[in-house]
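Engineer: Please read through the structure below; I'll follow up with questions.
The values are calculated or read from the model by the stated rules, or taken from the named source; none is laboratory data. Keep in mind that what you see is a predicted model, and the values were worked out from it rather than measured. A quick note on method: Cβ atoms are made from the backbone with ideal geometry, for glycine too, and the neighbour counts reach across all protein chains shown.
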Amino acid sequence: MPTKRKDRNGQWLAKVYLNGEMVASKMFPPGRKGGPEWRAAKTWEEEQKKAILENRETLSTLNQFNEWLSSYVKHCRSYMTKKEADEKASFLAAFSVESLRRGLDNPQKMTPQFAHEYLSDIKGKRGPNVANRARKHLIAAWNWGYDFIDDFPDKLCPFRKVRPFPVKPQDRYVPSDEDIIKVLNLMTGQDSLMVAAYLQTGARKTELFRLTWDDVDLTHRRIKLIDKKARGGGWRERWMSIDEDLAEALAKWQEERPAAVKNVFMQMADHHSGAIQVGDPFKQRRHFMESLCRRAGVKPFGFHALRHWGAARIFKAKGLNEAQMFMGHSRATTTDRYIRSAGLYADKEALATTISNSPVGAVAKAMLQKETAPDGAATVTSEQ
């Protein structure tokens, strides 16, 4: 059944599951349950599942096509986060259905024409962003097949010949200091600790959810953040400093927390179903920030927006390299995209002001006050 995504302005998320695994998904416009938008999402789920089941016998045969896709998805589930692997599985499931419908049951049969038609169809139905994501996943799958599947076609990936579709840039929302302060004033207890840690370290939400007391060094006032962003999907860690106030608050929390568990941040109430108990680590906090923003009367923003806010402040004060360290990016180009999408390279006037206020700039300004010859003619003095 379609799920309403409150974090996407009430859009309906249609999902297709087979054997407990999501194999396809698509967003539909917001609307009431039972309304035309909801029915369209439900119909899409039914049609996609029917199409997949009709091709199931073909998909289950041990042909090269199936070996390629199923082996790559298995690889992704071993080395990537569940969210990343689910997205790849969804795109590849839709790709396999359309390929088999056209009789392309072997990667050798894939052509640039098919690749262009397939991606263009996605662009028309779901937009250029989704089409570009499909292109990226299919290129990655092709490259993996070339490296690890016997007798895989020795030719350029047909999807690489399709240029990425142009996308209108959208600025990332960075909340103002005033809005953040209004929300912070509503926080108490553990929530204050968690948000303070977000602000000081630039952590990702999942990094703080998995934070344990073994990762907290109160003596040297630092915490260890662990992510799965290393090359090949491996684990990676980095130490981030915290200030004395946060270190003292964490020490106090360690003594007074309601459950002596290994994880630092925890569920504070039992779930009615018994699936979640006090002390369990967080897996998600879907509507927490949204409800606080609503109470504070500010434009809604989430945990990740605090990460953007921190990166903006670090970039303005210290530059791109320090912002990269704060964000925990392996490549400066990734941080650069964040900075550009937040509009932080747009203040050309500030750049000019910085130059003009420097000692050299001051001399240059004084130089401009000198009289110059009319019409750009040079003034020359010569000995007679």
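Engineer: Looking only at helices (runs of 4 or more DSSP H) that lie completely in region 124-233, which have at least 2 residues being closer than 28 Å to Met325 by Cα and β-branched (Val, Ile, Thr)?
Structural biologist: Ranges flagged: 177-184, 189-201.
Engineer: Shifting gears a bit: When you look at Tyr118, is it under 18 Å from Trp144 (Cα atoms) and not aliphatic (A, V, I, L, M), yes or no?
Structural biologist: no
Engineer: Now a separate question. Can you tell me which residue in region 202-253 is farthest from the chain's Cα centre (by Cα), limited to those that are more than 28 Å from Phe301 (Cβ to Cβ) and small (Gly, Ala, Ser)?
Structural biologist: Ranking the candidates gives Ala251 first.
Engineer: Anything in region 83-115 that is of a type in the set (A, V, I, L, M, F, W, C), over 18 Å from Trp144 (Cα atoms) and in a loop (DSSP other than H, G, I, E, B)? List them, or say none.
Structural biologist: Leu104
Engineer: While we're looking at this one, here's another question. How many residues does region 189-236 contain that are among the hydroxyl-bearing types (Ser, Thr, Tyr), in contact (Cβ under 8 Å) with a residue 12 or more places away in the chain and either under 16 Å from Pro281 (Cα atoms) or surrounded by fewer than 18 Cβ atoms within 10 Å (Cβ to Cβ) (or both)?
Structural biologist: Qualifying residue count for the region: 3.
Engineer: Restricting attention to region 5-30, which residues are modelled with pLDDT of 70 or more, assigned to a strand (DSSP E or B) and crowded, with 16+ Cβ neighbours inside 10 Å?
Structural biologist: Gln11, Trp12, Ala14, Lys15, Val16, Ala24, Ser25, Lys26, Met27, Phe28, listed by residue number.
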